[in-house]
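First, the structure itself, so that you have it in front of you.
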Amino acid sequence: ALASQLNTNIYTIDLRNHGDSPHRPEHTYTAMANDVEQFIHQFELEKPILIGHSMGAKTAMTVALRSPDLISSLIAVDNAPVSATLGSQFQKYVKGMHQIEAAKVTKQSDADRILQEYEESLPIRQFLLTNLIRSKEDNTFKFRINLKTLGESLDRMADFPFKPSDDVKFDGPSLFVRGTRSHYIQDKSLPIISHFFPKYQLKDVDAGHWLISENPNAFNQAVTEFLQ
């Protein structure tokens, strides 16, 4: 939808241990930022706009602060450049996914039934279940993401590689999209956002943390208004 509205090319990158990207034992924001920077160089992208949600938002922020001349602007979706405890839902999601694999289900409806014990929202469950792939060995569903490494990396995903005392900034335009029913961008974090991203704008969307799935129209509007 964004590609057609903005009339531009959009590259959707699967970060390491996600989607079709390789599984790697190191899962840190520094490693993922390095992956994104290599992608930009490999495809010779000239000052792209970087957008990321949740873990991807912190990865995008890390790129912007490490290599500010590499991108033109930043869109961070429901995360802030702070070290903060992750919500308990991530541990629940990993546990639910492990249970789905252990049950060796062959129908997506059965996987959804198991996941309902961990997440009530249908749009969020549907998003999580997009990671299902069918095993060629026994025809059961497995997750394409690296569940083991991601489960072990949750504490690191709560961290951020830069501290407010660090003298680093990204002076380009920056948009922070916040879910009004999420706690990941709190008002007390706004001075820290301003320190790292002095030209930032804040846009609130009526949704929780998974606002792209929960309120896609409002999310698309926030992004297009920022970029146009």
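Scan region 66-97 for residues that are modelled with pLDDT of 95 or more, part of a loop (DSSP other than H, G, I, E, B) and farther than 21 Å from Asp167 by Cα and jot them down.
Selection gives Asp78 alone.
Ala222 versus (1) over 19 Å from the mean Cα position of the chain (by Cα); (2) of a type in the set (A, V, I, L, M); (3) more than 27 Å from Asn34 (Cα to Cα): which is the lone unmet condition?
Checking Ala222 against (1) over 19 Å from the mean Cα position of the chain (by Cα); (2) of a type in the set (A, V, I, L, M); (3) more than 27 Å from Asn34 (Cα to Cα), the one that fails is (1).
Of everything in region 94-109 that's in contact (Cβ under 8 Å) with a residue 40 or more places away in the chain and under 17 Å from Leu154 (Cβ atoms), which residue is surrounded by the most Cβ atoms within 10 Å (Cβ to Cβ)? Walk me through how you get there before you give the answer.
Of region 94-109, the ones in contact (Cβ under 8 Å) with a residue 40 or more places away in the chain are 94, 97-98, 100-101.
Restricting the remaining residues to those that are under 17 Å from Leu154 (Cβ atoms) gives 94, 97-98.
Working: Val94: 19, Met97: 24, His98: 14.
Looking at the filtered set, the residue picked out is Met97.
Identify, please: which residue in region 104-133 is basic (Lys, Arg) and modelled with pLDDT of 95 or more and is, among those, nearest to Ile192 (Cα to Cα)? Step through it out loud before you land on a result.
Initially, region 104-133 is screened for residues basic (Lys, Arg), giving 104, 107, 113, 125.
From what is left, the residues that are modelled with pLDDT of 95 or more are 104, 107, 113.
Working: Lys104: 45, Lys107: 46, Arg113: 41 Å.
Taking the candidates together, the pick is Arg113.
Suppose the filter is touching a residue at least 12 places away in the same chain (Cβ under 8 Å) and surrounded by fewer than 21 Cβ atoms within 10 Å (Cβ to Cβ); does Val82 pass it?
Details: touching a residue at least 12 places away in the same chain (Cβ under 8 Å): yes; surrounded by fewer than 21 Cβ atoms within 10 Å (Cβ to Cβ): yes.
Here the answer is yes, as Val82 does meet what is asked.
Please state which one of Asp206, Asp171 is modelled with pLDDT of 95 or more, closer than 22 Å to Ser72 by Cα and in contact with a helix residue (DSSP H, G or I) (Cβ under 9 Å, 6 or more places away or on another chain).
Details: Asp206 fails: closer than 22 Å to Ser72 by Cα.
The unique qualifying residue is Asp171.
Can you tell me how many residues within region 17-63 are of a type outside the set (A, V, I, L, M), under 15 Å from Pro81 (Cβ atoms) and in a helix (DSSP H, G or I)?
Summing the residues that are of a type outside the set (A, V, I, L, M), under 15 Å from Pro81 (Cβ atoms) and in a helix (DSSP H, G or I) in region 17-63 gives 6.
Please determine, by comparing only the residues of region 6-44 that are out of contact with any Asp or Glu (no Cβ under 6 Å at 6 or more places or on another chain) and of a type in the set (Gly, Ala, Ser), which one is nearest to Gln228 (Cα to Cα).
The qualifying residue nearest to Gln228 (Cα to Cα) is Ala33.
Okay, moving on. With the condition kept exactly as written, say whether any residue in region 155-178 is surrounded by fewer than 20 Cβ atoms within 10 Å (Cβ to Cβ), β-branched (Val, Ile, Thr) and in contact (Cβ under 8 Å) with a residue 40 or more places away in the chain.
There is at least one residue in region 155-178 that is surrounded by fewer than 20 Cβ atoms within 10 Å (Cβ to Cβ), β-branched (Val, Ile, Thr) and in contact (Cβ under 8 Å) with a residue 40 or more places away in the chain.
The values are calculated or read from the model by the stated rules, or taken from the named source; none is laboratory data. This one's a predicted model, so the numbers in the text were calculated from it and none came from an experiment. Neighbour counts run over all protein chains shown; Cβ positions are idealised from the backbone, glycine included.
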